[in-house]
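Enquirer: Sharing a structure here in structure tokens format.
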Amino acid sequence: MITIIDYDAGNMKSVEKALLHLGEDVRVSRRPQDILQADKVILPGVGNFGSAMDKLKEYGLTEIIRQVCEGGTPFLGICLGLQLLFEESEECPGVKGLGILPGKILRIPKAPGLKIPHMGWNSLRLANDGRLFQGISQGGYVYFVHSYYLKAADERIVTATADYGVNIHASVEKGNVFACQFHPEKSGDLGLRILENFAGLLNGREGVR
């Protein structure tokens with residue numbers, strides 16, 4: 001069973017639909033027992049970093065997410081869900097993220113010819129043999145919608161990057177914790193393959209601590 005965390009942050013239904021298309025058993029829930037007992041957990045999200053952290057706290061989910069990540073259950077953050085896993089964001093100075101992975105979320109710098117938010121298809125450069133990208137070739141295109149990007153403190157966890165006026169750390173992996181800045185559920189066959197790779201992961205890898 002894959003549990004998608006419901007914290008009023010959008011795009012849950014599109015992730016659920018993609019997983020159902022793959023034949024996966026899926027539920028959308030914020031109940032702690034549904035999250036802690038899941039075989040895999042997904043934290044999707046679109047919107048504001050600070051508001052999302054407020055919702056996670058309101059629903060008592062911050063410690064639940066930490067337990068999942070520390071316990072070895074495969075965990076995937078998507079878009080805002082990636083950003084929340086890190087320490088802080090320029091979008092909301094003074095608001096602390098979950099701090100499960102080291103790094104900061106920065107605003108995409110303005111540049112001639114670039115629109116912000118970054119909205120559309122971008123190619124990926126794959127690195128560090130990421131398990132989400134098994135069977136996927138270099139240069140594949142995925143769909144982004146964001147104004148802020150990840151700069152991971154440890155580039156060894158970065159499994160894909162993209163260029164949009166700056167080098168975006170587009171996907172990361174550490175132990176059982178995975179995250180994508182782009183939307184695999186909106187990225188066609190390539191995105192479905194990424195979700196399929198996640199769904200096929202085995203439990204038991206040492207959790208992030």
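The values are calculated or read from the model by the stated rules, or taken from the named source; none is laboratory data. In this text the structure is predicted, and so the values were computed from the model without any measurement. Here the Cβ is made from the backbone with ideal geometry for all residues, glycine too, and neighbour counts use every protein chain on show. Surface areas here come from the heavy atoms of the whole protein model, side chains and all, with no ligands, DNA or RNA. Shrake-Rupley method; radii C 1.70, N 1.55, O 1.52, S 1.80 Å.
Enquirer: First check a/c for the range 99-177, with a ≥ b ≥ c the square roots of the eigenvalues of its C-alpha gyration tensor; if it is under 1.5, answer rounded, and if not, answer prolate when a/b is larger than b/c or oblate otherwise.
Expert: Judged from the Cα gyration tensor, the range 99-177 comes out oblate (a/c at least 1.5, b/c at or above a/b).
Enquirer: A further question on this structure: I need the chymotrypsin sites (Phe, Trp or Tyr not before Pro) found in the range 54-87, filtered to DSSP loop residues with at most 16 other beta carbons within 10 Å of theirs.
Expert: Tyr59
Enquirer: Can you figure out the FRET efficiency of Asp25 with Lys110, using R₀ = 45 Å and their beta-carbon distance, to the nearest 0.05?
Expert: The pair Asp25/Lys110 has a calculated efficiency of 0.55.
Enquirer: Further question on the same structure: Tell me the label-point distance for the pair Arg131, Val166, using the 7 Å Cα-to-Cβ offset, in nm and rounded to one decimal.
Expert: 3.0
Enquirer: Take every DSSP beta bridge whose two residues both sit in the chain, then give the antiparallel share in percent to the nearest 5.
Expert: If I count the DSSP bridges inside the chain, around 60 percent turn out antiparallel.
Enquirer: Percent relative contact order of the chain, based on C-alpha pairs within less than 8 angstrom and at least six residues apart?
Expert: Computed value for the chain: 21 percent relative contact order.
Enquirer: Expressed as a whole percentage, what fraction of the accessible surface of the chain belongs to carbon and sulfur atoms when a 1.4 Å probe is rolled over the protein heavy atoms?
Expert: Carbon and sulfur together cover 47 percent of it.
Enquirer: Taking all pairs of distinct Cα atoms, average 1/r, flip it, and tell me the Kirkwood hydrodynamic radius of the chain in Å to one decimal place.
Expert: Taking the inverse mean of 1/r over all distinct Cα pairs, the chain comes out at 16.7 Å.
Enquirer: Right, here's the next one. Across the range 172-181, in residue order, what do the Karplus-derived ³J(HN,Hα) couplings come to in whole Hz, using 6.51 cos²θ - 1.76 cosθ + 1.60 with θ = phi - 60° and x for Gly and Pro?
Expert: Here the 3J(HN,Hα) series is 9, 8, 9, x, 8, 9, 10, 7, 10, 6 Hz.
Enquirer: I've got another one for you. Just read off the accessible area of Ser14 with the full protein assembly in place, 1.4 Å probe, to the nearest 10 Å².
Expert: 40
Enquirer: Can you tell me which lysines have their Cα less than 29 Å from the Cα of Lys174? Leave out same-chain residues fewer than eight positions away.
Expert: Lys13, Lys17, Lys40, Lys55, Lys57, Lys96, Lys104, Lys151, Lys186
Enquirer: For the pair Asn48 and Lys96, how long in nm is the line joining their label points, each one 7 Å along Cα→Cβ?
Expert: Computed distance between label sites Asn48 and Lys96 equals 2.1 nm.
Enquirer: What does the charge count around Gln134 come to, taking other residues whose C-beta lies under 11 Å from its C-beta (Lys +1, Arg +1, Asp -1, Glu -1)?
Expert: Value of the local net charge: 0.
Enquirer: Right, next: With every protein chain present, what is the per residue accessible area of the chain (1.4 Å probe, Å²)?
Expert: In whole numbers, the chain has 44 Å² accessible per residue.
Enquirer: Report the local net charge at Thr73: Lys and Arg +1, Asp and Glu -1, summed over other residues whose C-beta lies under 9 Å from its C-beta.
Expert: 0
Enquirer: What is the dipole size for the range 22-78, taken about its Cα centre, with +1 at each Lys and Arg Cβ and -1 at each Asp and Glu Cβ, in debye to the nearest 20?
Expert: 120
Enquirer: If you place +1 on the Cβ of every Lys and Arg, -1 on the Cβ of every Asp and Glu, and leave all else neutral, what size is the dipole of the chain about its Cα centre, to the nearest 20 Debye?
Expert: Roughly 280 debye for the chain.
Enquirer: Something else now. Can you work out D for the range 1-123 in µm² s⁻¹ from Stokes-Einstein, where Rh is the Kirkwood radius over C-alpha pairs, the temperature is 4 °C and the viscosity is 1.567 mPa s?
Expert: Answer from the Stokes-Einstein relation: 85 µm²/s.
Enquirer: Roughly how big is the range 1-103's charge dipole about its Cα centre, with Cβ charges of +1 (Lys, Arg) and -1 (Asp, Glu), in debye to the nearest 20?
Expert: Using Cβ point charges on Lys, Arg, Asp and Glu, the range 1-103 gives about 200 debye.
Enquirer: While we're looking at this one, here's another question. Given the -39500 (n - 2.57) contribution per DSSP H run of 4+ residues, what per-residue ellipticity at 222 nm results for the chain, rounded to the nearest 500 deg cm²/dmol?
Expert: So the calculated ellipticity at 222 nm is -7000 deg cm²/dmol.
Enquirer: Just how far, in whole angstrom, is the range 130-209 from the range 47-79 if you go by their alpha carbon centroids?
Expert: Value for the Cα centre distance between the two parts: 17 Å.
Enquirer: I would also like to ask the following. For labels at Glu63 and Arg156 in the simple 7 Å Cα→Cβ model, what's the distance in nm?
Expert: Distance between label points: 3.2 nm.
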